[in-house]
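Novice: A single structure is presented below for examination.
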Amino acid sequence: MDFEIPDNYRFTGDHEWTEDNGDGTVTVGISHHAQDALGDIVFVELPALGAVVEREEDFGVVESVKTVSDLYAPVSGEVVEINEELEDAPELVNESPYDRGWIVRIQMSDAEELSDLMDADGYQSFLSE
Amino acid sequence: MSESSETKKVPLHERHVEQGARMVPFAGYSMPVKYGKIKEEHRSVRTSAGLFDVSHMGRVEVRGPEAIDAVNRLMTNDVTALTDGRAIYTVMCNEQGGIIDDLVIYRLGEDRLLLCINAANRQRDIAHIGAALTGGVEMEDQSDQTVQIAIQGPKAEEILAKIADTDLESIKFFRCRKADVAGVSTLVARTGYTGEDGFELYLPVDGGEEVFDALLDAGGDELTLCGLGCRDTLRLEAGLLLHGQDIDESTNPLEAGLGWLVKFDAKGDFIGRQALEEVRQQGTSRKLRGFVLQGRGVLRPGYDLQIEGEAVGRVTSGGYAPTLEASIGLGYIDREFADADTVDIILRRRSVSAKVVDPPFYKRSK
C-alpha cells in the first residue's frame with residue numbers, strides 16, 4: 001500500500017513526523033502509515049504545556065480501538081503548544097495526520113538533531129524495507 | 001506465529017483479500033481483523049447486521065452411544081439436559097478446577113454432539129477430550145473440513161431468511177437445525193459472540209464461498225463484513241469472556257462469574273468437581289468484575305487495579321466500547337475489595353478512577 005509522505009517533513013523510525021517551522025520550533029505528529037497501522041484512534045494523551053522532552057523518550061500515548069502506542073520525541077526541547085482539538089476529536093489523527101492531526105509543537109534545544117531524522121525519500125525506503 | 005509459513009489460511013481467505021481485509025495472524029491462522037473501520041463494523045452489528053468468518057474456531061464431533069455421558073464427565077454444565085437441536089455453553093476444567101476452555105456444545109442426535117472450541121486451544125482440547133473417551137465413543141476434528149460463518153445483528157434473521165430453506169423464527173436462542181442455505185446443507189444455530197441476536201452457520205468447506213457470497217448478496221447495504229477487531233469490542237461490551245485473557249487454567253469458573261455453568265446439584269462426578277466444591281465452600285479469593293473508566297484513556301489487559309494505593313487486582317480485557325463511547329474492561333479484584341464501587345486503574349503513567357460494575361456493559365433491547 002502506498003502512503004502519503006510530504007516532501008518537506010522529516011521522520012523517525014517510530015513513524016513520528018516533524019515539520020520545521022523555521023523559528024526554532026517543529027510541529028510533530030504521526031505519519032499516515034502510523035495512523036493506518038493503529039486504526040481508529042480514540043484517545044491521544046498529550047504532554048503538559050511547557051513539558052521538557054528528550055529525544056527518543058516517550059512524551060504521550062495514542063490509543064486506538066485495537067491497540068496502544070507510545071509517542072517518542074523526535075527532538076529534544078520544550079512543548080510550546082499542544083493540539084487541544086485532539087481532546088474532543090482524536091480521529092483527526094486518522095483523517096488528517098499531517099495537518100489537523102498534528103500533536104505538539106516543540107521548541108528545539110538543539111536544532112542539529114533534526115538532521116538525524118529521515119527525509120521523505122529515506123522514510124519511503126524505510127517503509128518498504 | 002508471525003511467520004507466514006506457520007499461519008494457515010482459512011478456506012475463505014481469497015474472499016477476505018478481495019474484500020480488502022487487513023489480515024493478521026491469530027491463533028495460527030491468517031484472519032481478517034477489519035475490512036474498513038472497526039468502529040463502523042461494530043456499529044453495523046448493533047444496528048443492522050454483520051458477517052464474520054470465524055472458521056478459525058475448532059469444530060469437533062463426538063459420536064457413539066455413550067458420547068453424551070462421556071462428554072458430560074468433562075464438562076461442568078449438564079450435557080445430559082440437552083435434547084436434539086439444543087445447545088449449551090459450558091466450561092471444561094482440569095482436576096484443579098482451572099478452565100481448559102469454554103465452549104458451546106450442540107446436540108445433533110442422541111449419539112452425536114458438536115463441540116465448538118477456541119482456536120488457540122484446539123490441540124490441547126482434543127488431547128484432553130481424546131484421553132477421556134472410552135471404547136465406542138469416537139471424536140472427529142472437523143475444523144479443516146468445515147467453515148463457520150456468523151451473521152449477527154438485529155437484521156440477521158431477515159437477511160438469512162432470504163436464502164435459508166427453513167423457518168428461522170422457530171430456531172430459538174441456543175437451538176440449531178440442519179437446513180439448506182443457498183443450496184448448501186448447513187447447521188443453522190442461533191448462537192454468537194456479539195451480544196446481538198444472530199446465527200452461526202456450520203457447513204462443509206466446498207460450500208463456503210457459495211454461502212458467503214449469497215449472504216453478502218442477500219444483505220446488500222444492510223450487511224457489513226466484519227473482522228475480529230469488532231468481534232472483540234462487541235463481546236467485551238456484552239461481557240462475554242475470552243479464554244486466554246479473562247479465563248485460563250489458572251482461573252476457576254466460580255471466580256470468573258461462571259458459577260451458573262457449574263451444575264453441582266444436577267450432575268454426578270465431573271473433572272474438577274472436587275476442587276470446585278472446595279472453592280465453593282471456602283469462597284473465591286477474587287472475583288471478576290467490570291470497569292468503566294471515569295477519566296480519559298483506554299483500559300488494556302495487564303493494567304493494575306489499586307484501592308488507596310494498595311494493589312487489589314488486574315485488568316484482563318479492556319478496550320474502547322463504541323456503543324457506550326467509554327473505555328471498559330474486565331478483571332479480577334481480590335475478595336475483600338470485590339464489592340468496591342470504584343477502583344483506581346494504573347494506565348501507564350497515570351492513575352484513573354473507574355466505576356466497578358457487573359458485566360454486561362451492554363444489553364440489547366428485545
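The values are calculated or read from the model by the stated rules, or taken from the named source; none is laboratory data. Since the model is a prediction, treat every value here as computed from it, not as a measurement. Reconstructed Cβ throughout: ideal geometry from the backbone, glycine too, with neighbour counts over all protein chains shown. SASA here: full protein model, heavy atoms, side chains in, ligands and nucleic acids out. Shrake-Rupley method; radii C 1.70, N 1.55, O 1.52, S 1.80 Å.
Novice: Looking at region B:344-355, can you tell me whether even one residue there is modelled with pLDDT of 95 or more, crowded, with 18+ Cβ neighbours inside 10 Å and more than 14 Å from every other protein chain (Cβ to nearest Cβ)?
Specialist: Among the residues of region B:344-355, at least one is modelled with pLDDT of 95 or more, crowded, with 18+ Cβ neighbours inside 10 Å and more than 14 Å from every other protein chain (Cβ to nearest Cβ), which makes the answer yes.
Novice: Right, another one. Looking only at region B:32-53, count how many residues are open to solvent by less than 10 Å² (accessible area, probe 1.4 Å), more than 12 Å from every other protein chain (Cβ to nearest Cβ) and part of a helix (DSSP H, G or I).
Specialist: 1
A quick yes/no check of all residues on (1) within 14 Å of another protein chain (Cβ to nearest Cβ); (2) assigned to a helix (DSSP H, G or I); (3) at negative phi:
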{"site": "A:A34", "(1), (2), (3)": "no, yes, yes"}
{"site": "A:V42", "(1), (2), (3)": "yes, no, yes"}
{"site": "A:P74", "(1), (2), (3)": "no, no, yes"}
{"site": "A:E81", "(1), (2), (3)": "no, no, yes"}
{"site": "A:D99", "(1), (2), (3)": "no, no, yes"}
{"site": "A:I106", "(1), (2), (3)": "no, no, yes"}
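Novice: So B:W260 clears everything in (1) over 30 Å from A:S69 (Cα atoms); (2) aromatic (F, W, Y); (3) open to solvent by less than 50 Å² (accessible area, probe 1.4 Å); (4) without any contact (Cβ under 8 Å) to a residue 60 or more places away in the chain except one condition, right? Which one?
Specialist: B:W260 satisfies every listed condition except (3).
Novice: Given the options A:V61, A:V26, name the one that is open to solvent by less than 20 Å² (accessible area, probe 1.4 Å), more than 14 Å from chain B (Cβ to nearest Cβ) and touching a Lys or Arg at 6+ places or on another chain (Cβ under 8 Å).
Specialist: Working: A:V61 fails: more than 14 Å from chain B (Cβ to nearest Cβ).
Result of the check over A:V61, A:V26: A:V26.
Novice: If the Cβ limit is 9 Å and pairs must be 6+ apart or interchain, which residue in region B:123-141 that is farther than 22 Å from B:G28 by Cα and hydroxyl-bearing (S, T, Y) pairs with which residue that is part of a helix (DSSP H, G or I) and open to solvent by less than 30 Å² (accessible area, probe 1.4 Å)?
Specialist: B:T134/B:A70
Novice: Looking only at region B:18-28, count how many residues are touching a Ser or Thr at 6+ places or on another chain (Cβ under 6 Å) and either in contact (Cβ under 8 Å) with a residue 24 or more places away in the chain or closer than 13 Å to B:T224 by Cβ (or both). Full working, then the answer.
Specialist: Applying the first criterion (touching a Ser or Thr at 6+ places or on another chain (Cβ under 6 Å)) to region B:18-28 yields B:23, B:25.
Okay, now just the ones that are also either in contact (Cβ under 8 Å) with a residue 24 or more places away in the chain or closer than 13 Å to B:T224 by Cβ (or both), so B:25.
Residues that pass the stated criteria total 1.
Novice: Let me ask another. So which of B:I68, B:I100 is in a strand (DSSP E or B) and either in contact with a helix residue (DSSP H, G or I) (Cβ under 7 Å, 6 or more places away or on another chain) or over 26 Å from B:V54 (Cα atoms) (or both)?
Specialist: Working: B:I68 fails: in a strand (DSSP E or B).
From the options B:I68, B:I100, the qualifying one is B:I100.
Novice: Taking the residues in region B:263-274 that are surrounded by 16 or more Cβ atoms within 10 Å (Cβ to Cβ) and assigned to a loop (DSSP other than H, G, I, E, B) as candidates, determine which candidate is modelled with the lowest pLDDT.
Specialist: The extreme case among them is B:K267.
Novice: Please find, among B:D217, B:D206, B:D213, B:D232, the residue that is within 14 Å of chain A (Cβ to nearest Cβ), open to solvent by 50 Å² or more (accessible area, probe 1.4 Å) and not in a loop (DSSP other than H, G, I, E, B).
Specialist: Selected residue: B:D232, the only one of B:D217, B:D206, B:D213, B:D232 that is within 14 Å of chain A (Cβ to nearest Cβ), open to solvent by 50 Å² or more (accessible area, probe 1.4 Å) and not in a loop (DSSP other than H, G, I, E, B).
Novice: Do the conditions hold for B:E6, that is, is it open to solvent by less than 10 Å² (accessible area, probe 1.4 Å), among the acidic types (D, E) and farther than 22 Å from B:L187 by Cβ?
Specialist: So B:E6 fails the test.
Novice: Which residues, counting only those in region B:294-317, are in contact (Cβ under 8 Å) with a residue 60 or more places away in the chain and either facing chain A (nearest Cβ under 10 Å) or of a type in the set (G, A, S) (or both)?
Specialist: If the condition is that a residue be in contact (Cβ under 8 Å) with a residue 60 or more places away in the chain and either facing chain A (nearest Cβ under 10 Å) or of a type in the set (G, A, S) (or both), then B:S317 is the only one that fits.
Novice: Restricting attention to region B:80-91, which residues are in contact with a strand residue (DSSP E or B) (Cβ under 7 Å, 6 or more places away or on another chain) and surrounded by fewer than 24 Cβ atoms within 10 Å (Cβ to Cβ)?
Specialist: Those that are in contact with a strand residue (DSSP E or B) (Cβ under 7 Å, 6 or more places away or on another chain) and surrounded by fewer than 24 Cβ atoms within 10 Å (Cβ to Cβ): B:L82, B:T83, B:D84, B:G85, B:R86, B:A87, B:I88, B:Y89.
Novice: Is it fair to say A:D7 is open to solvent by 30 Å² or more (accessible area, probe 1.4 Å), within 12 Å of the chain's Cα centre (by Cα) and not hydrophobic (A, V, I, L, M, F, W, C)?
Specialist: So A:D7 does not fit the description; no.
Novice: Quick test for you: out of B:E249, B:E255, pick the one residue that is open to solvent by less than 50 Å² (accessible area, probe 1.4 Å), not in a helix (DSSP H, G or I) and not assigned by TED's automatic domain parsing to the domain that holds B:I345. Quick ask: steps written out before the conclusion?
Specialist: Details: B:E249 fails: open to solvent by less than 50 Å² (accessible area, probe 1.4 Å).
Answer to the selection: B:E255.
Novice: While we're on this one: Determine, yes or no, whether A:E112 is free of Cβ contacts under 8 Å to residues at least 12 places away in the same chain and either open to solvent by 20 Å² or more (accessible area, probe 1.4 Å) or farther than 25 Å from B:I346 by Cβ (or both).
Specialist: Yes: the conditions hold for A:E112.
Novice: Looking at region A:20-48 only, could you name the residues that are among the charged types (D, E, K, R) and either free of Cβ contacts under 8 Å to residues at least 60 places away in the same chain or closer than 29 Å to B:R300 by Cα (or both)?
Specialist: Answer for region A:20-48, where residues must be among the charged types (D, E, K, R) and either free of Cβ contacts under 8 Å to residues at least 60 places away in the same chain or closer than 29 Å to B:R300 by Cα (or both): A:D23, A:D36, A:D40, A:E45.
Novice: Would you mind stating whether A:E56 is away from every other protein chain (no Cβ under 12 Å), within 18 Å of A:S96 (Cβ to Cβ) and not polar (S, T, N, Q)?
Specialist: No; evaluated as a whole, the condition is false for this residue.
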